[in-house]
Amino acid sequence: MTTPLIRIKGLETHYPLGQRLFGPAPVLRALAGIDLDIPAGSFFGLVGESGSGKTTLGRAILKAAPITSGSVAYDDGQSAFDIGTMDARQERTYRSRAQLIFQDPYAALSPRMTVRDIIAEPLEVMGLTSSRAETDDRVREIAKKCRLNLEHLRRFPHAFSGGQRQRISIARALVSGPKFVVADESVAALDVSIQADILNLLKALQNDLSLTLLFISHDLSVVAHSCDTVAVMYLGRLVEVAPSRTLFARPRHPYTRALLSAIPTLDPDAPPRMQRLTGEIPSPADPPPGCRFHTRCPFAQARCRQEVPQLAPTQDGGQVACHFWKDLPDA
Amino acid sequence: MSLLSVQDLTIRFRTEEGLITAVEKVSFDIAEGEILGLVGESGSGKSVTAKSLMRLMGDNAVFDPASRITLHRQGGDLDVLGLRRERDMRPVRGGEISMVFQEPMASFAPAITVGAQMVEQLLIHTDLSRKAARTLSIDMLARVGISDPARRFDQYVFEFSGGMRQRAMIAMALSTKPRLLIADEPTTALDVTIQAQVLELMKELVAEFRMGILFITHDLGVIAQTADRVAVMYLGNLVETGTVRDVIRRPAHPYTKGLLQALPRIDDLDAPLMPVPGDIPGPLDRPGGCVFHTRCGVAISGLCNTQIPQEVTLAPGHAARCHALTKDAP
């Protein structure tokens, strides 16, 4: 096991929900006690339904979401940051080390800037280069790595298709030379034929630039193909963390099993799977007590309604937060 | 029995930059009780095709004179493109044809209760009394699995969760008992667990009401699990049609093959992801000849870039348009 690049301990992110005259104001616990290590050099997948807190977790690591309590630490061997407590100067350095690739390549790029200016902006804002020539060199270098045509640098984003725009936004995220990149639903808005191309590019860039990627997605088949480790979230908690192959071959948590069985397979004759989830994800403003999944879990028992299950190691290298995972029938 | 026939449908849009071809010579049939999947990427013309069935086009749409859309009815066939007055279009707009849109939040009026909207369309399309329409609407909400339907009936759409909105949309579309339901990416905005519930529900309802469904999606997995037949569209052309089994097991057109190879498969994690090379051409530089030749790995220069391929029948009901199919296969 390599050393973790990101170490998260007891992370809580709360958002206030209005005010009360008496007593404490209600809060939405978007993240409820997250413990997670992201190993350096991994392609780390984070999956969950909408409202599970996966985007909030990604943003909290980048200090773009509040850290109410707990800690997030970054250590790449050369520099280390405690994300919750760092000052403004450290934060500026951290921004060049940790970056975000957005979901929607149509909304993420300013229509009034040329592709060159879009990619160069982070360098200029962070003051990482001393001359225009140096900036141009860096832009050209990263554009080449992202398989952008250098001729295109002078054009405006409207001239490009979704796949090309996503390559531009990847180049912009990588131009400052980050070690850690959060890719939040970065292929969700793309067509299937283009999506594979961007996934392959991310994989190649990861090797090339020795990046650590946190890949956030709701699409399990995409995650299965790209990531080496996968964490599954449900209502602000991690329910299972495991190497991809283990997770997809032997899912342990009932929620992971239900998620996997809900993926439509390409085989028209596949028998209908039995593990249908009934109901919908409860509101994170009013989560169920005990195990947050018990309201939809086919195996829930009395203990699940009272006691919060903690992540515990399984024998095949993963971790699962379920009281009864050992007793469940084989999936 | 055929429910709806589309023949040589060609739709162009007048824009400032010139005439843009969105759909070109598309023909297909939908039978009663059949789910036809229409697959294609963005810009392939699948939504434009669907909207033309209900005449939901802007003023800048131009139908080619050879285009025909015929709704087969007991009392005589209806020429959909021949309808001139708005009120004549009622049968195809919610009467015999209903539509479920991708974004249910945008399809309900935000300031009118869900129930009032359901009743309103029933009063337009049926001769039910207001009270009977209310009873039917509540009944339909219950049928699509919304709990406490009488209370939900009086709520606004923002009080519904995403899956519930899509269910309510389906309940509303089905309450007039349409013979054809058009579902335009009905599950794309939903989570997989909710998507599975909605797909199950749609299959049950087809079996019960014997209606035809035109199911539009970009997700071949969803098609494999729901449709009987599938039509693959690329840049406004139907490149391949056939039963789901034929198209997915024995894809003939290079584009269909490419789509299947680009799809990450959960049952084979070692298979490399093969993107379809290149990008979808913009609407203004539509390729001549076979529209796919700019991205095709087996394109024959001098043939594919100049001549439009004819439809080749591969098996009963399975056809594709590709020059490589008529040449001796390498």
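Scanning the range B:188-232 for residues that are of a type in the set (D, E) and either at the interface with chain A (Cβ under 8 Å from one of its Cβ atoms) or within 13 Å of the chain's Cα centre (by Cα) (or both) gives B:D191, B:E200, B:D219.
Table: residues versus (1) without any contact (Cβ under 8 Å) to a residue 24 or more places away in the chain; (2) aliphatic (A, V, I, L, M).
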site	(1), (2)
B:D267	yes, no
B:M274	yes, yes
B:P281	no, no
B:D285	yes, no
B:I300	no, yes
B:H318	no, no
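When A:S130 is tested against (1) over 30 Å from A:L36 (Cα atoms); (2) without any contact (Cβ under 8 Å) to a residue 40 or more places away in the chain; (3) part of a helix (DSSP H, G or I), just one condition goes unmet, and that condition is (3). If you go through the range A:158-186 and keep only what is within 14 Å of another protein chain (Cβ to nearest Cβ) and either aromatic (F, W, Y) or part of a helix (DSSP H, G or I) (or both), you end up with A:H158, A:A159, A:F160, A:G162, A:G163, A:Q164, A:R165, A:Q166, A:R167, A:I168.
Would you confirm whether any residue within the range B:242-252 is within 21 Å of B:E34 (Cβ to Cβ), among the aliphatic types (A, V, I, L, M), touching a residue at least 60 places away in the same chain (Cβ under 8 Å) and part of a strand (DSSP E or B)? No, the range B:242-252 contains no residue that is within 21 Å of B:E34 (Cβ to Cβ), among the aliphatic types (A, V, I, L, M), touching a residue at least 60 places away in the same chain (Cβ under 8 Å) and part of a strand (DSSP E or B). Here A:R237 meets the list (1) in contact (Cβ under 8 Å) with a residue 60 or more places away in the chain; (2) more than 14 Å from every other protein chain (Cβ to nearest Cβ); (3) surrounded by fewer than 24 Cβ atoms within 10 Å (Cβ to Cβ) almost entirely, failing just condition (3). Does B:A142 qualify as being at pLDDT 90 or above and more than 25 Å from the chain's Cα centre (by Cα)? Answer is no for this residue.
Can you work out which of the residues in the range B:1-44 that are outside any strand (DSSP E or B) and away from chain A (no Cβ under 14 Å) is modelled with the highest pLDDT?
The extreme case among them is B:E34.
A:S244 meets each of the listed conditions (1) surrounded by 21 or more Cβ atoms within 10 Å (Cβ to Cβ); (2) within 11 Å of chain B (Cβ to nearest Cβ); (3) under 25 Å from A:G317 (Cα atoms); (4) not charged (D, E, K, R) apart from (1). For the range B:246-284, the set of residues classified as more than 7 Å from chain A (Cβ to nearest Cβ) and surrounded by 19 or more Cβ atoms within 10 Å (Cβ to Cβ) consists of B:D246, B:V247, B:P251, B:A252, B:H253, B:P254, B:Y255, B:T256, listed by residue number. Filtering the range A:106-148 down to residues that are hydroxyl-bearing (S, T, Y) and touching a Ser or Thr at 6+ places or on another chain (Cβ under 7 Å), which residue is modelled with the lowest pLDDT? It comes out as A:T129. Identify the residue in the range A:84-105 that is closer than 22 Å to A:R167 by Cβ and either polar (S, T, N, Q) or in a loop (DSSP other than H, G, I, E, B) (or both) and, among all such residues, is modelled with the highest pLDDT. Restricting to residues being closer than 22 Å to A:R167 by Cβ and either polar (S, T, N, Q) or in a loop (DSSP other than H, G, I, E, B) (or both), the top hit is A:Q99.
Among the residues of the range B:186-214 satisfying the criterion of being surrounded by fewer than 17 Cβ atoms within 10 Å (Cβ to Cβ) and out of contact with any Gly (no Cβ under 7 Å at 6 or more places or on another chain), which is farthest from A:V232 (Cα to Cα)? By that ranking, first place goes to B:F209.
Looking only at residues of the range A:256-310 that are closer than 30 Å to B:I35 by Cβ and among the charged types (D, E, K, R), we find that the one that is farthest from the other protein chains (Cβ to nearest Cβ) is A:R257.
Among the residues here, A:V192 qualifies as surrounded by 15 or more Cβ atoms within 10 Å (Cβ to Cβ), among the hydrophobic types (A, V, I, L, M, F, W, C) and within 13 Å of chain B (Cβ to nearest Cβ).
If you check B:A227, B:A189, which single one turns out to be touching a residue at least 60 places away in the same chain (Cβ under 8 Å) and closer than 23 Å to B:A109 by Cβ?
Answer to the check: B:A189.
Being under 14 Å from B:M202 (Cα atoms), out of contact with any Ser or Thr (no Cβ under 7 Å at 6 or more places or on another chain) and in a loop (DSSP other than H, G, I, E, B) is the filter here, so list the residues in the range B:144-178 that pass it. B:V144, B:G145, B:K177, listed by residue number. When restricted to residues that are surrounded by fewer than 22 Cβ atoms within 10 Å (Cβ to Cβ) and not in a helix (DSSP H, G or I), the range A:247-262 contains 2. Being outside any loop (DSSP other than H, G, I, E, B) and either closer than 18 Å to B:T193 by Cβ or in contact (Cβ under 8 Å) with a residue 12 or more places away in the chain (or both) holds for only one residue in A:C322, A:C304, A:C291, and it is A:C304.
The values are calculated or read from the model by the stated rules, or taken from the named source; none is laboratory data. On a predicted model such as this, the values are computed, not experimentally measured, just so you know. Here the Cβ is made from the backbone with ideal geometry for all residues, glycine too, and neighbour counts use every protein chain on show.
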